[in-house]
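Only one structure is covered here, and it is reproduced in the block below.
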């Protein structure tokens, strides 16, 4: 049985190769690429060496076959990847602006991705689960997805596992004021919370990062991590705050960098590392993720992350020794 279980959407991504062409103009597209925040997390965690199971739903079509083949090739357990015959596989069209902002058009709410069947999940699959990872984007899709996530969380808790959640706010799927309500029980239950700094401010309704972190911690024994992109990350616990520097890299495609960061952070916690070592490792994984075209293509191996850290951060070996 997997140590890490991920539940959520698997979709294909079709993107503009030219950052100057928005989605409302005729132009070239590139893809399809296997994608979806939970699916990217699953692949990233598997490449780092974790035993990963993925729960999601795809259509009985070519895009669904692409996703099943890709997840299986990455050693992700797909026995609970549901095939929904009467729905097409989810699709995201994406364009990048010159300033790095992204524009999305999603075919998700009425796709197979939103038709997860909680009744097909079995408690036995969660027998060895250490972490369940959920993305807010999954919760925003449908009542069926919310029911499936709630069932997965119940099975995880019964097995003694922990919850990792990335709010992954997507206004295209659900307005922020509604997303807060949908996310509330999961934020309360989370052992690891992985928002961007902007998401933390939106969720808390506070403009100050420290105040937002305190509100999300809520004096609980959990870890809250603010992802800051190229600037690194901030880690908050009841014992204090650690700021982790980013690693500058030449950016090719930023999609999936946050999911790779998330997977690497869970890897560090699962390995029993300190917050400092875990944060450095996660920042390096996120940095590597932007260096290749395609949402999953940049997901690094353990050795690639370690090599990057040791060449860019001379103090890492000393930090790592503290965990041995």
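The values are calculated or read from the model by the stated rules, or taken from the named source; none is laboratory data. Quantities reported herein were computed from a predicted structural model and do not represent experimental measurements. Cβ sites come from the backbone with ideal geometry, for glycine too, and all protein chains shown count toward neighbours.
Consider the stretch 262-311. How many of its residues are more than 17 Å from the chain's Cα centre (by Cα) and either closer than 23 Å to residue 3 by Cβ or not in a loop (DSSP other than H, G, I, E, B) (or both)? Walk me through how you get there before you give the answer.
The initial filter retains those residues of the stretch 262-311 that are more than 17 Å from the chain's Cα centre (by Cα), namely 271-277, 280, 291-293, 302-311.
Narrowing further to those that are either closer than 23 Å to residue 3 by Cβ or not in a loop (DSSP other than H, G, I, E, B) (or both): 271-277, 280, 302-311.
Counting residues in the stretch 262-311 that are more than 17 Å from the chain's Cα centre (by Cα) and either closer than 23 Å to residue 3 by Cβ or not in a loop (DSSP other than H, G, I, E, B) (or both) gives 18.
How many of the residues making up the stretch 147-172 are modelled with pLDDT under 95 and touching a strand residue (DSSP E or B) at 6+ places or on another chain (Cβ under 7 Å)?
Selection size over the stretch 147-172: 2.
Every residue in the stretch 169-183 that is assigned to a helix (DSSP H, G or I) and either in contact with a helix residue (DSSP H, G or I) (Cβ under 9 Å, 6 or more places away or on another chain) or closer than 17 Å to residue 226 by Cα (or both), please. Step through it out loud before you land on a result.
At the first step, the residues of the stretch 169-183 found to be assigned to a helix (DSSP H, G or I) are 176-183.
Listed by number, the residues that qualify are 176, 179, 180, 182, 183.
Could you say which residue among 215, 200 is part of a helix (DSSP H, G or I), modelled with pLDDT of 90 or more and crowded, with 19+ Cβ neighbours inside 10 Å? Spell out the reasoning first.
Values: 215 fails: crowded, with 19+ Cβ neighbours inside 10 Å.
The conditions single out 200.
Do we find a residue being assigned to a strand (DSSP E or B) and closer than 19 Å to residue 270 by Cα anywhere in the stretch 36-53? It would help to see each step written out before you state the result.
Here is the first cut: in the stretch 36-53, the residues assigned to a strand (DSSP E or B) are 52-53.
After this cut, where a residue has to be closer than 19 Å to residue 270 by Cα as well, the list is 52-53.
Yes, some residue in the stretch 36-53 is assigned to a strand (DSSP E or B) and closer than 19 Å to residue 270 by Cα.
If the Cβ limit is 6 Å and pairs must be 6+ apart or interchain, which residue in the stretch 24-44 that is on the phi > 0 side of the Ramachandran plot pairs with which residue that is outside any loop (DSSP other than H, G, I, E, B)?
Sorted first by the residue in the stretch 24-44, then by its partner, the pairs are 31/13; 31/14; 31/15; 36/11.
For the stretch 246-257, what are the residues that are surrounded by 24 or more Cβ atoms within 10 Å (Cβ to Cβ) and within 19 Å of residue 281 (Cβ to Cβ)? Break it down stepwise before answering.
Residues of the stretch 246-257 that are surrounded by 24 or more Cβ atoms within 10 Å (Cβ to Cβ), as a first pass: 255-257.
Matches in the stretch 246-257: 256, 257.
Yes/no matrix, rows are residues, columns are (1) within 20 Å of residue 96 (Cα to Cα); (2) modelled with pLDDT under 90:
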{"residue": "222", "(1), (2)": "no, no"}
{"residue": "225", "(1), (2)": "no, no"}
{"residue": "232", "(1), (2)": "no, no"}
{"residue": "239", "(1), (2)": "no, yes"}
{"residue": "252", "(1), (2)": "yes, yes"}
{"residue": "255", "(1), (2)": "yes, yes"}
{"residue": "258", "(1), (2)": "yes, no"}
{"residue": "261", "(1), (2)": "no, no"}
{"residue": "265", "(1), (2)": "no, no"}
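All but one of (1) over 30 Å from residue 29 (Cβ atoms); (2) free of Cβ contacts under 8 Å to residues at least 24 places away in the same chain; (3) within 19 Å of the chain's Cα centre (by Cα) hold for residue 101, so report the exception by its number.
Tallying (1) over 30 Å from residue 29 (Cβ atoms); (2) free of Cβ contacts under 8 Å to residues at least 24 places away in the same chain; (3) within 19 Å of the chain's Cα centre (by Cα), residue 101 fails exactly one: (1).
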